[in-house]
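Have a look at the structure that comes next, please.
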Amino acid sequence: MRETGSRFLYDSFDAASARIEANERVSEQRWTGLEYRLVQIEGTLDRLERRVWLGVYGVAAFLLTQGAEALIQSAMR
């Protein structure tokens, strides 16, 4: 409970405290939004990585198939 005295002594502290609490809430919301976006980015990167590896394996399979075909054709001649 406040002691007797001018309310103007305490109003500035209440306003500062409210401002600090509001800034903390805004900061917390920003961190929550940032974490959400980071999770979304990580998921997108995982999907992209899978696609890249699928492409790499596809090219490797194509080259191996071409090499095997060339070996078979040279063996038949």
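Around W53, with a cut-off of 12 angstrom between Cβ atoms, what is the net charge of the other residues, counting Lys and Arg +1 and Asp and Glu -1?
Once positives and negatives cancel, what remains is +1.
Just the accessible area for V52, please: 1.4 Å probe, Å², rounded to the nearest 10?
Counting only protein heavy atoms, the figure is 80 Å².
Continuing with the same structure: Hey, what's the range 10-77 come to in accessible area per residue, 1.4 Å probe, Å²?
94
The values are calculated or read from the model by the stated rules, or taken from the named source; none is laboratory data. All values reported here derive from a predicted model rather than from experimental measurement. Glycine also receives a Cβ, built like all others from the backbone with ideal geometry; neighbour counts cover every protein chain displayed. Surface accessibility is based on the protein's heavy atoms, side chains included, excluding ligands, DNA and RNA. Shrake-Rupley method; radii C 1.70, N 1.55, O 1.52, S 1.80 Å.
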